[in-house]
Structure formats: structure tokens, C-alpha cells
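Contents: one structure, followed by commentary.
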Amino acid sequence: MANYKWIAGGLGFVLSGPIGGLLGLGLGWVIDSISDDGGDSVQYRNTTQRNDFNVSLLVLIAAVMKADGRIVKAELDFVKQQMVNLLGINAAREAVRMLGDLVKQDIPVEDVCHQIRKNVDYSSRLQIIHLLYGISAVDGVFDSRELTVIGIIGRELGISQADLISIQSMFIKDNGDWAYKVLEIDASATNDEIKKAYREMAKRYHPDKVSHLGEEHAKIANEKFGKVNEAYEKIKKDRNIV
């Protein structure tokens, strides 16, 4: 297993459990990384959530990409660009190599999700689901097997069904009520209920909710925020709401 230096000094909970097992991040890896960085073991007990999140995300990306039995170039290119945006060019290369190792393995999705759920806040877990739908959508075709895996991931991460449908509807606009689904309301809702729902969703998906993951994740969260606005503007136009 490769020694992924891009995450040296920035790991916490993923060193153990099913994620650490998938990556081969055992005690020897930790000692090597500490030695290379000139640090001590304290930094591994008090590490940033950012790298834990990025590694967890890579594992789940691999699970989704494997779902249909093939790795689509458009999806891989999208992931590469996302990693460049999140990590920088050099670290992104190593992240993609890590992804290459992961897609060759059997990923215990439920166990991985349970590990993430215990250690990652809800807003950050919503970020994971948004990114996974984005990967599935990149080639313009939503494969049912990928959607099934994302649904399982959402459930095991503890994402509410309403939130899962909301995020899916940001990408899959297959009927006239997609905007209502984004706002998690019924098409029969009153105008006041629509305005209230919009305010609540705007708070839920505000980029500040994931600012602890870094500036680039905040930018991605802003995309969700924009899709909420898009849904609200569509409903306002359809209903002539001022």
C-alpha cells in the first residue's frame, strides 16, 4: 500500500476502523509519517477534521464509481478537478492514486458510513451527499446502481429522507415539482410556507456550516446554496410571488 504523504499529520479518526483498514494506515504508517514530519504523536490525536473528511469522501467516491462496474472518464476527470480544487495539484495527484487503490477493493459501505457518522457533523455529511450526486451527474446520465449506492450511503450516514430527496432534486429535475422537493415542501404549500421553507433551507445550506473544512468546501457549499435559490426563484416565478 502506498505511503500517502499528502495526509501525513492531518489524520484522526480514519486511522482506525474500516477506513484505516482500506487504506492500510496501520501503526507503521503513522510512525513513518511522524518521523518524516518531525512531529510527535500528539498531532495525530488532535488532528484537523479537514483531512479526515477528504479521505472519507474519497472512500465513498470510490464506492459510487464502482457501483456500475466501470470507471467513466468524465467522472474521473471531475473527481481529479475536485481534488485539485480542494487539495492543490501535488496533493491531488496522490489523492487520485489513493482513489485508484480504493476502486480495486471491496468497500464495506455500511461500516465506513457508520465510522463517518460517529465523527463527522451533519452539515459535512450533507456535503458528502451533494458531492456524490455531482459525480453521478457529470456524464449527464444517472445510473440507477449509482443512485442506489448513494441512497444507501445517505441512509447509513444518518441523512434524513427529506434532505436526501432535496439534494437529489437539485440534480435530477425529472418532474415539475423538483423545486418544491429541494425546499422540502409539498406543491400545495401556501406562499407563506414557501417563504418559511426557503429561509430554513438557506440557513441549513449556508457555506458557513462547512467553513471548518476549508475555503474550497465552503465554495462547494455555496453551490448548494445557489440551487436552493434557484428552486425558490422558480416557485416565485410560477406563482407570481413578489
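Every number here is computed from the coordinates shown, using simple stated rules; none is lab data. Keep in mind the model is a prediction, meaning the values are calculated, not measured. All Cβ positions, even for glycine, are placed from backbone atoms using ideal geometry, and neighbour counts span all protein chains on display.
Across the stretch 120-138, the residues whose backbone nitrogen lies under 18 Å from the label position 7 Å along the beta-carbon direction of ASN222 are 127, 131. Note the listed values (i) 46, 37, 35; (ii) 54, 39, 30; (iii) 64, 37, 30, then indicate which one is Cα extents along the principal axes in Å calculated from this particular structure. The calculated read-out lines up with (iii).
In straight-distance terms, cross-link reach from LYS73 covers every one of the lysines whose alpha-carbon lies under 19 Å from its own, apart from those fewer than eight places away in the same chain; here that gives LYS104. Shape call for the stretch 106-155 from the C-alpha gyration tensor, a ≥ b ≥ c root eigenvalues: rounded (a/c under 1.5), prolate (a/b greater than b/c) or oblate? Here the stretch 106-155 falls in the oblate category. Taking a ≥ b ≥ c as the square roots of the eigenvalues of the alpha carbon gyration tensor, the stretch 162-242 is prolate, as a/c is not under 1.5 and a/b beats b/c. Between the helical axis of 27-37 and the dominant principal axis of the chain, each derived from Cα atoms, what acute angle in degrees is found, rounded to the nearest 10? Helix 27-37 sits at roughly 90 degrees to that axis.
Around VAL72, under 12 Å between beta carbons, what's the net of Lys plus Arg minus Asp minus Glu among the other residues? Net charge around VAL72: -3.
Between 0 and 90 degrees, the angle of helix 49-66 with respect to the longest Cα principal axis of the chain falls at about 80 degrees.
Rounding to the nearest 10 and keeping the result within 0 to 90°, find how far the Cα-based axis of helix 161-171 lies from the longest principal axis of the chain. Result, in degrees: 80. Cross-link partners for LYS224 among the lysines, with Cα-Cα distance under 16 Å and sequence neighbours closer than 8 places in the same chain left out: LYS173, LYS181, LYS203, LYS209, LYS234.
Most tightly packed first, judged by the mean number of other beta-carbon atoms within 10 Å of their residues, the peptides 206-214, 141-149, 121-129 read 121-129, 206-214, 141-149.
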